[in-house]
2 protein chains.
Amino acid sequence: MAADGFELNAFLPYRLNRAAEFVALRFAAQYKARYQLTRPEWRTLAALGSTRRPMTATEVGAHSAMHKTKVSRAVSALEERRWLTRNENEGDRRLEHLQLTKAGLRAYVELTALAANYQAELDALVGAAGMQALTAGLEAIERAIGKVEKPRREG
Amino acid sequence: MAADGFELNAFLPYRLNRAAEFVALRFAAQYKARYQLTRPEWRTLAALGSTRRPMTATEVGAHSAMHKTKVSRAVSALEERRWLTRNENEGDRRLEHLQLTKAGLRAYVELTALAANYQAELDALVGAAGMQALTAGLEAIERAIGKVEKPRREG
DNA sequence: AATCGATAGTTACGATTGCAACTAATATGC
DNA sequence: GCATATTAGTTGCAATCGTAACTATCGATT
């Protein structure tokens, strides 16, 4: 309760970042230790695995809110591991369709098992009511993102 | 809807990060342009300004979920700008109490005006119901953080 | 079809980051 | 009271990141 009436603890960017950071770190430790995956790599793998159809790098970026250079580097790393392949698009050769290989899909499935465990842990920690509220709130933000969705550079 | 039953879009770390990134970037652009502040610097300033009492670097880190090296560097930068001073603690000389200077406080007040505007913008975008749900959900997470609060390294 | 603008993706480079190791001080066990 | 562990904060260094600039391709205008 500052004298000027601004309440940092109610400021959404600050709060969201705090929560996101906390929640992400605990999970990152797991896939980092077991698979030597970086965060952008996991997120790219997850995006591709979850849709189960080829996506372009731009689509991956939009899905996961990552900068295009992050995506580009993550894709290269995953390709080198032979967890994904690039397929040129006929008709528009600027695009490449990214697709998980068998090995990539296998890794994805293993990682989602970890993720599901972690989600259950979070459910227990946060409680059903809290998780439901959070889900509703995040949906509201996601709708809002759809309305704006212009700024593409990170900072 | 993946065949193995894992739903990435319902996975809390992924969702939270997406929302936090989106919301933070739009605000970061503002204080970066006007004050050449980095994110850790703004967050340190905000933590110190909001409590209106001296805090140690460790407390700042806990308050804002930042790694201690980030805090250390942000504190040095703010000190060089003469926006804060360090005061040695009597009794335990490992600690230093960080305190905003007049100039630092002035900057904080100016920035909270920007922050309040941005919060109003978000309120309008997300809607009252969504914001209320989000607040409830984030509170649940914050309570959960309090329960665990062990892992201190970032990844 | 030539030009201009927009888009997909990559990369060089400077800035930022996190890990690990460090200094300095305090706390604990014996 | 001495050795050892722990904690606060800093720093060297390698890795990662974002910006801006780049290549390559496509679409639109004329």
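At a glance:
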{"quantity": "Pairs from A:32/B:147; A:70/B:68; A:68/B:147; A:102/B:70 whose Cα-Cα separation, in the structure shown, is over 28 Å", "calculated": "A:68/B:147; A:102/B:70"}
{"quantity": "Heavy-atom accessible area per residue - chain A, 1.4 Å, Å²", "calculated": "51"}
{"quantity": "Angle in degrees between helix A:68-80 and the longest Cα principal axis of chain A, rounded to the nearest 10", "calculated": "50"}
{"quantity": "Cut-off under 5 Å, modelled amide H: who pairs with residue A:96 long-range", "calculated": "A:57"}
{"quantity": "Cα long-axis angle, helix B:12-35 against chain B (0 to 90 degrees, to the nearest 10)", "calculated": "40"}
{"quantity": "Surface accessible to a 1.4 Å probe, residue B:131 within the full protein complex, Å²", "calculated": "20"}
{"quantity": "For residue B:86, solvent-accessible area (1.4 Å; no DNA, RNA or ligand), Å²", "calculated": "80"}
{"quantity": "Gained length - residue A:92 relative to residue A:129, 0.36 nm times residue gap less alpha-carbon distance", "calculated": "8.6 nm"}
{"quantity": "Listed residues A:83, A:42 arranged by accessible area, highest first, probe 1.4 Å", "calculated": "A:83, A:42"}
{"quantity": "Residue A:69 - accessible surface, heavy atoms, 1.4 Å probe, Å² rounded to 10", "calculated": "60"}
{"quantity": "Sites matching GluC sites (Glu not before Pro) across the range B:33-121 that sit in DSSP coil, with at most 10 neighbouring C-beta atoms within 10 Å", "calculated": "B:90"}
{"quantity": "Between A and B, accessible area buried - total, square angstrom, nearest 100, 1.4 angstrom probe", "calculated": "6300"}
{"quantity": "Chain B - percent relative contact order, Cα under 8 Å, separation 6 or more", "calculated": "18"}
{"quantity": "Whole-percent carbon and sulfur share, accessible surface of the protein assembly as shown, 1.4 Å", "calculated": "51"}
{"quantity": "Exposure ranking of B:35, B:108 by accessible area [1.4 Å probe, largest first]", "calculated": "B:35, B:108"}
{"quantity": "Of every Cα-Cα pair in the range A:10-148, the percent that sits beyond 24 Å", "calculated": "38"}
{"quantity": "Simple label model, 7 Å out from Cα along Cβ direction - residue B:114 to residue A:51, nm", "calculated": "3.4"}
{"quantity": "Mean ellipticity per residue at 222 nm, deg cm²/dmol - from DSSP H runs of n ≥ 4 across chain A, formula -39500 (n - 2.57)", "calculated": "-22500 deg cm²/dmol"}
{"quantity": "Neighbourhood net charge (11 Å Cβ-Cβ; Lys/Arg +1, Asp/Glu -1) for residue A:98", "calculated": "-1"}
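The values are calculated or read from the model by the stated rules, or taken from the named source; none is laboratory data. The structure displayed is predicted, hence computed values, not measured ones. Cβ: placed from backbone, ideal geometry, glycine included. Neighbour counts: every protein chain shown. To get the accessible areas, we keep the full protein, side chains included, count just its heavy atoms, and leave off ligands, DNA and RNA. Shrake-Rupley method; radii C 1.70, N 1.55, O 1.52, S 1.80 Å.
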